[in-house]
Structures are given as C-alpha cells and as structure tokens.
Amino acid sequence: MGEETNMILHEIVKRRSGRAFSQKPISDEMLGSILQAGRRAPSCANTQAWNFIVLKSPDVLEKAHEALSRGNAWGKRAPIMVIVAAKENAGCGAHGLPYFMMDIGLATENILLQSVHLGLMAHPTAGWDEERLKEITGIPEEYRIGTVIFIGYEDDLDKLDERTKEKEKMGFSRKPLSEIVHLDKW
Ligand SMILES: Cc1cc2nc3c(=O)[nH]c(=O)nc-3n(C[C@H](O)[C@H](O)[C@H](O)COP(=O)(O)O)c2cc1C
C-alpha cells in the first residue's frame, strides 16, 4: 500500500500539532481562506453542524486563556483561537451516532490542512473548560464545543518552557497499517 512519500497532499505529511506559536498576527485574507476550507468539509446529509467561533481580539483572547488547561498554556501565544461548536442533535441521525462530532472533525482537519498550506501551524485541542469558554464567548448552552484550534506562525522552540519543549521533541508515532487495516475481512 501507498508509502507516505506518495501522499496526495504534502500538507497531510507536513501537518503536526506544534506548540511554539509566534504572536505575529495572521491576515484576514488567510483567516478567511482557513474558514472557507472548514466550511467545504463533507457532512452527513449536508447537515453542516459546525460553527466556527473565531477569537482574535487581544482582550477576548486574554479572557479565553483563563479557560485553558495548565498543559495547554502554550496556546496563549497563538494569535487566533477557533472554537468549533455544534448542537448535539444538529448532525445526521444515522445509526444513532453523534454525527455532529464527525462534522466537527472533518471541518477541523480541513482547517488544519489549509493552515499548513499557508505556512501556518494549527493545533486542535481538548484541554479547556467548556462551560467557562461558553460563558466568555456567549456560545448558547445547547451547543457543545468539540475542539479549540490554535492557529499562528511557528516560532523558535526556545520560546517554550522546558516541559513543553520536551513534549515537542517527542514527535509523533502512528500505529502501523498492519495493526489497523483489515483487508477483505476483520
Ligand atoms: C480531539 C483532539 C484533542 C487534542 N487535544 C490536545 C490538547 O488538549 N493538548 C495538546 O497539546 N494536544 C492536543 N491534541 C493534539 C494531539 O496530541 C496530536 O494530534 C497527536 O499527538 C498526534 O500528533 P500530531 O498532530 O503532531 O501528528 C489533540 C488532538 C485532537 C485531534
């Protein structure tokens, strides 16, 4: 089966969840194309359950930073936070599965790949206080936050504290295809 070198998009290979963000702002044009990429994602029966709450004003970001977990303090340097939220019943109803999370996930990957395409870094997270983030941003009670994506230019690793720097050095590993692919039968 296909090697990574044959990957159709180099963005797929280049993407990684980095933490050393520069505070350099992102142009509105770039941000617009990132959000367009998100909205292009497929969704079951075209439900498009996703909502993108974009935080970029310094005072709003500062408030939102209070909701981050300690382990995600690196996110405070990123100039953009995109909260991806959906109503739990807004996805398609097939199989009784929570398809709103599928919509969120697919839109998120598009956002990550378009960010990489523009030379940016984008990091999805789950480490934050959902209620606090909803309070700060006014997201209605019936919506769930699926992820918060930090987006920005990459900076030197030296800007990170030692613990976060160590996490960066760990890199990533993936299960081999032999463990996860079931050809013709399980
Ligand atoms: C739903 C989701 C939640 C995540 N939450 C966090 C998080 O809270 N903090 C963090 O540092 N990374 C988080 N990550 C990033 C993962 O740790 C990362 O994707 C994984 O280790 C693989 O590394 P890579 O993205 O660099 O390939 C999250 C990723 C996903 C998809």
Report yes if some residue within region 86-98 is under 13 Å from the mean Cα position of the chain (by Cα), crowded, with 18+ Cβ neighbours inside 10 Å and more than 12 Å from the ligand (Cβ to nearest atom); otherwise report no.
-> no
In region 62-107, the residues that are closer than 16 Å to residue 127 by Cα and polar (S, T, N, Q) = 69, 72
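Considering each residue of region 145-157, count those that are buried (at least 17 other Cβ atoms within 10 Å of the Cβ) and either without any contact (Cβ under 8 Å) to a residue 24 or more places away in the chain or within 14 Å of the ligand (Cβ to nearest atom) (or both), and give that number. Walk me through it before giving the result.
First, the residues of region 145-157 that are buried (at least 17 other Cβ atoms within 10 Å of the Cβ): 145-153, 155.
Next cut, either without any contact (Cβ under 8 Å) to a residue 24 or more places away in the chain or within 14 Å of the ligand (Cβ to nearest atom) (or both) only: 145-151.
Summing the residues that are buried (at least 17 other Cβ atoms within 10 Å of the Cβ) and either without any contact (Cβ under 8 Å) to a residue 24 or more places away in the chain or within 14 Å of the ligand (Cβ to nearest atom) (or both) in region 145-157 gives 7.
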Is it fair to say residue 71 is in contact with a Ser or Thr (Cβ under 9 Å, 6 or more places away or on another chain), without any contact (Cβ under 8 Å) to a residue 60 or more places away in the chain and farther than 23 Å from residue 164 by Cα?
-> no
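Count, please, the residues in region 158-186 that happen to be of a type in the set (A, V, I, L, M) and more than 20 Å from residue 127 (Cβ to Cβ).
First, the residues of region 158-186 that are of a type in the set (A, V, I, L, M): 160, 170, 177, 180-181, 183.
Next, only the ones that are more than 20 Å from residue 127 (Cβ to Cβ) stay: 177, 180-181, 183.
The total comes to 4.
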Test each condition in (1) of a type outside the set (Val, Ile, Thr); (2) part of a loop (DSSP other than H, G, I, E, B); (3) more than 10 Å from the ligand (Cβ to nearest atom) for residue 173 and report the one that comes out false.
-> (3)
For residue 134, the lone unmet condition from (1) among the basic types (Lys, Arg); (2) under 18 Å from residue 61 (Cβ atoms); (3) within 12 Å of the ligand (Cβ to nearest atom) is (3)
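For region 1-37, give me each residue that is part of a helix (DSSP H, G or I), modelled with pLDDT of 95 or more and either within 16 Å of the ligand (Cβ to nearest atom) or under 24 Å from residue 105 (Cβ atoms) (or both). Spell out how you get there, then give the answer.
Going residue by residue through region 1-37, those that are part of a helix (DSSP H, G or I) are 4-6, 10-14, 28-37.
With modelled with pLDDT of 95 or more added as a condition, the list becomes 28-37.
Selection gives 30, 31, 32, 33, 34, 35, 36, 37.
The values are calculated or read from the model by the stated rules, or taken from the named source; none is laboratory data. From a predicted model like this one, the values you see are computed outputs, not experimental measurements. Cβ sites come from the backbone with ideal geometry, for glycine too, and all protein chains shown count toward neighbours.
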